[in-house]
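Derivation of every value follows stated rules applied to the coordinates shown; laboratory data play no part. What you see is a predicted model; the values in this text were computed from it and never measured. Ideal geometry is used to build each Cβ from the backbone, glycine not excepted, and the neighbour counts take in all protein chains shown.
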Amino acid sequence: MDIRTPIIHDRHLVKEAFEVLKSQTEPNIFTHPKDLTILTCRNEGSLEDRIIDSLVGYDKISILEANTKYLGLDLVVLKDARLPWRNTFKFEMINDYLQSGKCTTEYFMFCDAVDVIFVDHPNKVIDIFKSFNCQALFMSTSSLDGYNCMPEVLNWVHNINGGIPRYLNSGVYIGKTSFVKELFEMAMEYALPHGVIMDEYREYLAKEPKDYPHGSQDQDIIRYLEPKLYPRLKVDYENKMAFRS
């Protein structure tokens, strides 16, 4: 497994990669960057409904929580008791956190709890972010979810992604805290009432609802907002920041 990005966001690979990391490094090898907040969101209780077989063992404490603790990184974990889980809960939880003034760092980073790990120092993520000359940087994926409901946005993306068939992924991103706060204020307009549950997402997209992205997933909403926020918001199409197959 020759992955050279500082983060891996791939549910089929992270458990094995974390085991390799632990076999090659000592605990607490990193000092948390003073200017960075790393945050995740999850439901309270078990994560068993949100993980696949390759993640067995991380149903109570997510692999991101275990990984950051092992490496000596501080992780803000926001939890919500509501079930079934809806990904738009993230918008409400993060927006409340940012509006509270609890985030005092210059940079804010979000990582999905269930299938993201660090394999190198977060300072490398900050350096990659700065090289893009933007205010928020999202990783990318090959998934086209949601674009059937907003073909004009897909056409726009194809004009800026350099011919690379990858698209915004909201599982890992970093940005200036002030800008992320602005982004989430915009996203909240589409997040309430809360979106579709994951088990019904494909059926929801097939219907191509007229009020889309109202009621959709968090990633769809940020994809919808991307053209309005570019070039302050950019996508790492080559995934220098985080690996995803």
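Based on every Cα atom in region 42-89, Rg and the maximum pairwise Cα distance Dmax equal 11.4, 32 Å.
Simple point charges give the picture: +1 on the Cβ of Lys and Arg, -1 on the Cβ of Asp and Glu, and for region 116-245 a dipole about the Cα centre of about 500 debye. On full extension, the segment bounded by Arg82 and Ser142 gains 18.6 nm, given 0.36 nm per residue less the C-alpha separation. Taking 7 Å steps out from each Cα toward its Cβ at Arg232 and Met186 produces label points 0.7 nm apart. Across the options Trp156, Leu192, Gly57, the greatest Cα extent toward the positive end of the charge dipole of region 7-243 (unit charges at beta carbon of Lys, Arg, Asp, Glu) belongs to Trp156.
Multiplying the residue separation of Glu16 and Asn133 by 0.36 nm and subtracting their alpha-carbon distance yields 38.8 nm.
Here, the chain is characterised by an Rg to Rh ratio of 0.94, where Rg is the alpha-carbon radius of gyration and Rh the Kirkwood radius. Since only Tyr173, Asn123, Gly72 are under comparison, the one whose Cα sits farthest along the positive direction of the charge dipole of region 7-243, derived from C-beta charges on Lys, Arg, Asp and Glu, is Asn123.
First obtain the Kirkwood hydrodynamic radius of region 1-54 from its Cα pairs, then insert it into the Stokes-Einstein equation at 20 °C and 1.002 mPa s, and state the resulting D in µm² per second as a whole number.
Rounded to a whole number, D works out at 153 µm²/s.
Which aspartates and glutamates does Lys234 reach when only Cα atoms under 12 Å apart count, and residues fewer than 8 places away in its own chain are ignored? List returned: Glu226. Evaluated with a Cβ-only charge set (Lys, Arg +1; Asp, Glu -1), region 49-150 carries a dipole of roughly 180 debye about its Cα centre, given to the nearest 20.
Cross-link partners of Lys15 among lysines, defined as those whose alpha carbon lies under 17 angstrom from its own and excluding same-chain residues fewer than eight positions apart: Lys60, Lys69.
Considering only alpha-carbon pairs that sit under 8 angstrom and 6 or more positions apart, the relative contact order computed for region 7-243 is 27 percent. From least to most packed, judged by other beta carbons within 10 angstrom and beginning with the fewest, Asp127, Asp220 follow the order Asp127, Asp220. Dipole magnitude for region 7-243: about 500 debye, using +1 per Lys or Arg Cβ and -1 per Asp or Glu Cβ, origin at the Cα centre.
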